[in-house]
Amino acid sequence: MDSKKRRKILEKKQTIHDLIKRASSLFDPLSPFDSFRHYRKNDLSMYLESGRGDRLSSPLKQHIRKLLKTNMEGFYGSDWPIQEKAKRKEMSSTDAHYIIVREVRYGKPYESSTRRICSEGCNQIAGFVHYRFTLEEEIPVLYVYEIQLESRFQGKGLGEFLMQLMELIASKNRMSAIVLTVQTSNALAMTFYMSKLGYRISSISPSRTNIPTMLAKYEILCKTFDSEAKAVLETNDEEQSKD
Ligand SMILES: CC(C)(COP(=O)(O)OP(=O)(O)OC[C@H]1O[C@@H](n2cnc3c(N)ncnc32)[C@H](O)[C@@H]1OP(=O)(O)O)[C@@H](O)C(=O)NCCC(=O)NCCS
């Protein structure tokens, strides 16, 4: 490879690295999208605020752990104890960005302040999204680690709203795709992402690589925003239509 080509590749790598660093260090990625702080639809009245893994209060961490267990233990089956441990570790990382969804009660708008999350008790928490800015196959992506809603708030459009917000945050920070992992046993979530939101099985998903299908109990899904990400992270149409 000639030195000019090598320099270009290095410059591109540096640019991507800077993008991830800048996005990861944002205090409140929600701030450009003020109209998304509220969700009022289908009898729900919700308020969204940003959080970071290293700033979550202990009661909030406990609440998140409880919600994860309630929603996900059944899908992981005997793998749950290992997964729970891994999730507990991931939860507090400095790279972990959160959207915390609170129920607005008695018409009282909730004041935004990351440090105060849960200081008034966690009983208003309706769910959360844990996401990160990271690299997949050298492509800058917003990776949705978790999206979890309390059962009484599910099926009312809130999940779709939160995933739209993820797309906005990803685009604003010049990420080229959204990537996420779903347990194959979680049929409702698979339908939610693939049929409702147009996600596709990624070329890096176990079912598209050499990992024996028996061992792989999950799929990696993606939605890409440019041709390079599409070429790297998506499988071709023929492969998708075999599913
Ligand atoms: C998956 C989840 C985030 C979707 O959010 P949501 O607010 O319930 O979904 P929406 O109301 O925006 O969209 C509903 C669609 O999603 C699917 N869906 C997924 N879970 C659903 C649920 N528990 N109840 C109803 N619909 C659900 C259906 O396909 C539904 O389609 P429809 O609108 O044609 O009926 C939410 O249901 C949830 O937190 N589930 C439990 C945890 C989980 O599985 N997280 C995903 C892990 S990868």
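What's the number of the only condition in (1) of a type in the set (Phe, Trp, Tyr); (2) part of a strand (DSSP E or B); (3) within 8 Å of the ligand (Cβ to nearest atom) that Phe161 fails to meet?
All conditions are met except number (2).
Which of the residues that make up the stretch 52-82 are of a type outside the set (A, V, I, L, M, F, W, C), within 15 Å of the ligand (Cβ to nearest atom) and over 27 Å from Ala23 (Cα atoms)?
Matches in the stretch 52-82: Lys66, Lys69, Thr70, Asn71, Glu73, Gly74, Tyr76, Gly77, Asp79.
Kindly indicate which of Ile64, Ile16 is touching a residue at least 24 places away in the same chain (Cβ under 8 Å) and within 18 Å of the chain's Cα centre (by Cα).
Within the list Ile64, Ile16, the selection yields Ile64.
Please work out which residue is farthest from Phe27 (Cα to Cα), limiting yourself to the stretch 169-198 and to residues that are away from the ligand (no atom under 14 Å from the Cβ) and surrounded by fewer than 16 Cβ atoms within 10 Å (Cβ to Cβ).
It comes out as Ser171.
Taking only pairs six or more apart or across chains, which ones have beta-carbon atoms under 6 Å, a first residue in the stretch 154-167 that is within 12 Å of Val101 (Cα to Cα), and a second residue that is among the β-branched types (Val, Ile, Thr) and more than 6 Å from the ligand (Cβ to nearest atom)?
Leu162/Val129
I'm trying to understand the selection: among the residues of the stretch 126-157, which are out of contact with any helix residue (DSSP H, G or I) (no Cβ under 9 Å at 6 or more places or on another chain) and buried (at least 21 other Cβ atoms within 10 Å of the Cβ)?
Tyr143
Exactly one of these conditions fails for Phe128: (1) assigned to a loop (DSSP other than H, G, I, E, B); (2) more than 9 Å from the ligand (Cβ to nearest atom); (3) on the phi < 0 side of the Ramachandran plot; (4) at pLDDT 95 or above. Give me its number.
Condition not satisfied by Phe128: (1).
Could you identify the single residue in Ser241, Ser227 that is at pLDDT below 95 and out of contact with any helix residue (DSSP H, G or I) (no Cβ under 7 Å at 6 or more places or on another chain)?
The conditions single out Ser241.
Taking Asn123 and the conditions (1) part of a helix (DSSP H, G or I); (2) modelled with pLDDT under 95, which numbered condition does it fall short on, given that it satisfies the others?
Checking Asn123 against (1) part of a helix (DSSP H, G or I); (2) modelled with pLDDT under 95, the one that fails is (1).
The values are calculated or read from the model by the stated rules, or taken from the named source; none is laboratory data. The structure displayed is predicted, hence computed values, not measured ones. Glycine gets a Cβ as well: all are built from the backbone with ideal geometry, and neighbour counts include every protein chain shown.
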